[in-house]
Each structure stands twice: as structure tokens, then as C-alpha cells.
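Chemist: Here you go, one structure.
The values are calculated or read from the model by the stated rules, or taken from the named source; none is laboratory data. Every value quoted in this text rests on a predicted model; they were computed, and no experiment measured them. Ideal geometry is used to build each Cβ from the backbone, glycine not excepted, and the neighbour counts take in all protein chains shown. To get the accessible areas, we keep the full protein, side chains included, count just its heavy atoms, and leave off ligands, DNA and RNA. Shrake-Rupley method; radii C 1.70, N 1.55, O 1.52, S 1.80 Å.
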Amino acid sequence: MKFFIDTANLDQIREANDLGVLDGVTTNPSLMAKENIKGEANIKKHYVDICNIVKGDVSAEVISTDYEGMIREGKELAALHPQIVVKVPCIKDGIKAIKYFTDNGIRTNCTLVFSVGQALLAAKAGATYVSPFIGRLDDVSTDGVELIRQIVNVYNYYEYGTKVLAASIRHTMHIIQCLEAGADVATCPLSAILGLLNHPLTDIGLKKFLADYKKVNG
Ligand code: E4P
């Protein structure tokens with residue numbers, strides 16, 4: 001399973017990248033706003049800055065909700081850098097736009113996906129990635145990880161090429177659950193990635209190894 005970081009914060013992207021296990025980045029308009037990146041030129045520059053830090057796919061989301069607007073924006077975003085993947089919402093014009101991008105060699109991430117039916121349309125339109133939002137489903141008492149499992153099964157059965165990118169991951173256990181459910185990618189906050197390292201027996205064991213070394217070596 002690939003690891004993407006779900007942030008537009010350059011320091012966090014650098015920190016995750018320095019670990020050597022980062023495969024890409026996802027952003028969305030809320031994450032860009034959180035970093036106070038505003039204005040078309042600054043937003044585009046920020047995407048290029050991210051691409052220059054990480055070797056891997058970087059999702060950049062369109063703001064338009066109509067077909068023509070999505071096509072115009074998507075072309076501009078894709079032209080910024082070869083690593084850019086155009087993120088398109090799973091709405092009617094979005095599916096049409098994904099089909100256009102697929103036919104024109106532009107890679108896409110179909111976002112805001114909450115059902116198998118939406119994932120089916122994304123795959124049929126040829127999306128590179130589909131992003132089911134598991135945390136937001138959990139928030140409304142629906143099992144988000146179960147949706148990942150269902151989409152993975154359907155895609156495998158019908159041999160769709162679209163990769164399942166588990167999004168809206170909130171904590172470390174979500175990552176493990178997505179791994180077990182067969183997700184191709186998990187996009188995670190830095191805290192959830194670093195959480196994978198935590199185990200008290202590792203800390204206790206390391207402390208003892210160092211103490212024993214010191215006893216003999218001074
Ligand atoms: C990433 O592609 C999504 O936009 C993101 O994971 C959404 O996460 P949230 O539900 O925590 O906002």
C-alpha cells in the first residue's frame with residue numbers, strides 16, 4: 001500500500017518525505033486555505049513547490065463545478081508539473097470531465113466518494129484514483145473501512161484499473177484497517193503516519209539495550 005500525506009503544509013510534507021516512505025501528496029481547497037495559500041498564482045506555485053519536495057503523485061483539486069470550468073482548470077493544473085493529478089469531485093459534470101481527462105492523457109483523482117455506485121462511475125470514466133472518505137463516513141455512523149473493502153472487491157472482480165485511495169483518514173488504526181481492506185493508497189495526516197511507530201515495548205526494549213550497553217562500556 002502506498003502512503004500519501006494529506007496536507008498542504010510544506011514542513012509536514014518535508015518531514016514525512018525525510019522518513020523515506022512517502023509516495024505522494026493529496027491536497028484539497030480546505031487544506032490549502034488552512035495554510036493561507038490564496039490567489040490563483042500562489043496556489044499554482046504552492047503545487048509546484050510540493051512537487052519539488054516529493055517524488056510521486058500530487059493531487060490538485062479543481063474549484064469549478066461545471067464541465068467547461070473543470071476542463072479549463074484541470075488542463076492548467078496538469079500543465080504545472082508531470083506529478084500533478086487533477087482532483088475532481090464525484091458529481092455529474094465531474095464524471096464527464098474525468099472521462100475527458102482520461103481520453104486526453106490527464107491523470108485524475110475522483111474525490112468526495114461515499115458509495116460503491118460513485119466508485120463504479122469513477123472507474124468507468126477511467127479515473128486514476130478514487131478517493132472514498134472513510135473518516136467522514138464514520139462521522140455519520142457508517143463504516144468507512146467497509147466501503148474501502150467493497151470497492152476493492154468490485155474493482156478486483158471486474159478488473160478496473162482505478163486505484164483505491166483511502167482518504168479522510170483520521171488516525172493510525174484507520175491506516176491498518178485500510179491495509180487489511182486492500183486499499184492501494186492511504187492518504188494520511190502526519191500524526192497518523194508517525195503513530196505507526198508507537199509501541200511501549202519498543203521504548204522499554206531500547207531503554208534496556210542502551211542501559212546494558214552502558215553498564216559494560218561505561
Ligand atoms: C483527501 O484527498 C481528502 O480531501 C481528505 O482526506 C479529506 O479529509 P477530512 O475528511 O479529514 O477533511
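Chemist: Quick check for me: using +1 on Lys/Arg Cβ and -1 on Asp/Glu Cβ, what's the dipole size of region 100-218 about its Cα centre, in debye to the nearest 20?
Modeler: 480
Chemist: Mind checking which of ASN28, ALA78, MET1 is farthest towards the positive end of the chain's charge dipole, using Cβ charges of +1 (Lys, Arg) and -1 (Asp, Glu) about the Cα centre?
Modeler: MET1
Chemist: Counting each DSSP H run of 4 or more residues in the chain as -39500 (n - 2.57), what helix-only mean residue ellipticity at 222 nm follows after dividing by all residues, to the nearest 500 deg cm²/dmol?
Modeler: The helix-only estimate for the chain comes to -16500 deg cm²/dmol at 222 nm.
Chemist: Keeping all protein chains in place, calculate the accessible area per residue for the chain (probe 1.4 angstrom), answer in Å².
Modeler: Per residue, the chain has 52 Å² of solvent-accessible surface.
Chemist: Given a cut-off of under 8 Å on Cα pairs at least six residues apart, what relative contact order in percent is computed for region 45-103?
Modeler: Relative contact order here is 36 percent.
Chemist: Could you look at the chain and say what percent of its accessible area is carbon and sulfur, using a 1.4 Å probe and all protein chains?
Modeler: Roughly 55 percent of what the probe reaches on the chain is carbon or sulfur.
Chemist: Hey, another quick one. Top mean-square fluctuation among VAL86, VAL58, VAL154, Gaussian network model of the chain, C-alpha springs under 10 Å?
Modeler: VAL154
Chemist: Ok, one more. Charges on Cβ only, +1 for Lys and Arg, -1 for Asp and Glu, centred on the Cα centroid of the chain; of LEU190, CYS90, GLY117, which one is farthest towards the dipole's positive end?
Modeler: Result: LEU190, furthest along the dipole toward the positive end.
Chemist: Considering only the other residues whose Cβ falls under 11 Å of the Cβ of LEU77, what net charge follows from Lys and Arg at +1 and Asp and Glu at -1?
Modeler: Value of the local net charge: +1.
Chemist: For a quick check, take a GNM of the chain with Cα springs below 10 Å and name the residue from GLY24, GLY56, GLY74 with the largest mean-square fluctuation.
Modeler: Greatest mean-square fluctuation among the candidates belongs to GLY56.
Chemist: Is the shape of region 18-175 rounded, prolate or oblate, going by the alpha carbon gyration tensor and its root eigenvalues a ≥ b ≥ c, with a/c under 1.5 for rounded and a/b larger than b/c for prolate?
Modeler: Cα axes put region 18-175 in the oblate bin.
Chemist: Evaluate the relative contact order of the chain (contact order divided by residue number), counting alpha-carbon pairs under 8 angstrom at least 6 apart; express in whole percent.
Modeler: That works out to 16 percent.
Chemist: Filter the trypsin sites (Lys or Arg not before Pro) in region 1-68 down to the DSSP loop ones having no more than 13 other Cβ atoms within 10 Å, then list what survives.
Modeler: Loop-located and lightly packed - LYS38, LYS55.
Chemist: So who's got an amide H within less than 5 Å of the one on SER59, skipping anything under 5 residues away but keeping other chains? H placed 1.01 Å off N, in plane.
Modeler: Counting only residues 5 or more places away or on other chains, the set is VAL25, THR26, THR27, VAL85.
Chemist: Out of TYR100, ILE50, ASN153, whose Cα points farthest toward the positive end of the dipole of the chain (charges: +1 Lys, Arg; -1 Asp, Glu; placed on Cβ)?
Modeler: The residue sitting farthest along the positive end of the dipole is ILE50.
Chemist: Suppose every K and R has +1 on its Cβ and every D and E has -1 on its Cβ; what is the size of the dipole of the chain about the Cα centre, in Debye to the nearest 20?
Modeler: That gives a dipole near 300 debye.
Chemist: Still on this structure, I have one more. Taking the Cα centre as origin and putting +1 on Lys and Arg beta-carbons and -1 on Asp and Glu beta-carbons, what dipole magnitude results for region 1-105, to the nearest 20 debye?
Modeler: 160
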